[in-house]
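The values are calculated or read from the model by the stated rules, or taken from the named source; none is laboratory data. Note that the structure is predicted; figures quoted are calculated from it, not measured. Every residue, glycine among them, receives a Cβ derived from its backbone with ideal geometry; neighbour counts consider all protein chains shown. Areas reflect the complete protein model, heavy atoms only, side chains present, ligands, DNA and RNA absent. Shrake-Rupley method; radii C 1.70, N 1.55, O 1.52, S 1.80 Å.
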Amino acid sequence: VQLVESGGGLVQAGGSLRLSCAASGTTFSINVMGWYRQAPGKQRELVAAFTSGGGSTNYADSVKGRFTISRDNAKNTISLQMNSLKPEDTAIYYCQAYVRPIIYWGQGTQVTVSS
């Protein structure tokens, strides 16, 4: 499975960005897909993900009500709509796919929110 993210950039606080992740390869075998982020000096953390089976979503408390994860099964993509961005959202955002028992990561896309 290969993952390619796009859509990062620089935005002012209160603004919006939309990230996309395109999956290729044996996409039918993907169990879970989601978004993680890693800020400088911090551990990588879950932002939002579809649960196993894709029936529901899981969000970090810090982004609930501001971020929305969505997917397009026909295009094998997931997206992350980020609204009301805050400086603390600044991080490298990674797309993740779990194909039991392997975890795949995209190359990451930088999101910078200025105050």
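Structure above, values below:
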quantity: Residue list for the stretch 1-14, restricted to those being over 15 Å from A91 (Cα atoms), loosely packed, with under 14 Cβ neighbours inside 10 Å and in contact with a strand residue (DSSP E or B) (Cβ under 6 Å, 6 or more places away or on another chain); calculated: Q2
quantity: Candidates L85, L80, L46 - the one that is in a loop (DSSP other than H, G, I, E, B) and touching a residue at least 12 places away in the same chain (Cβ under 8 Å); calculated: L85
quantity: Residue, nearest to P101 (Cα to Cα), within the stretch 15-31, restricted to residues that are among the small types (G, A, S) and open to solvent by 30 Å² or more (accessible area, probe 1.4 Å); calculated: S29
quantity: Candidate set from the stretch 62-76 (those that are under 17 Å from C21 (Cβ atoms) and in contact with a Ser or Thr (Cβ under 6 Å, 6 or more places away or on another chain)); member that is least open to solvent (accessible area, probe 1.4 Å); calculated: I69
quantity: Residue in the stretch 85-98 that is at pLDDT below 95 and open to solvent by 60 Å² or more (accessible area, probe 1.4 Å) present; calculated: yes
quantity: Residue list for the stretch 1-43, filter: hydroxyl-bearing (S, T, Y) and either part of a strand (DSSP E or B) or within 13 Å of W105 (Cα to Cα) (or both); calculated: S6, S20, S24, Y36
quantity: Count - residues of the stretch 12-34 that are more than 16 Å from the chain's Cα centre (by Cα) and hydrophobic (A, V, I, L, M, F, W, C); calculated: 2
quantity: Answer residue from the stretch 57-75, given it is modelled with pLDDT of 90 or more and part of a loop (DSSP other than H, G, I, E, B) and is nearest to V99 (Cα to Cα) among those; calculated: A60
quantity: Any hit, the stretch 91-108, residues being out of contact with any Ser or Thr (no Cβ under 6 Å at 6 or more places or on another chain), free of Cβ contacts under 8 Å to residues at least 40 places away in the same chain and outside any strand (DSSP E or B); calculated: yes
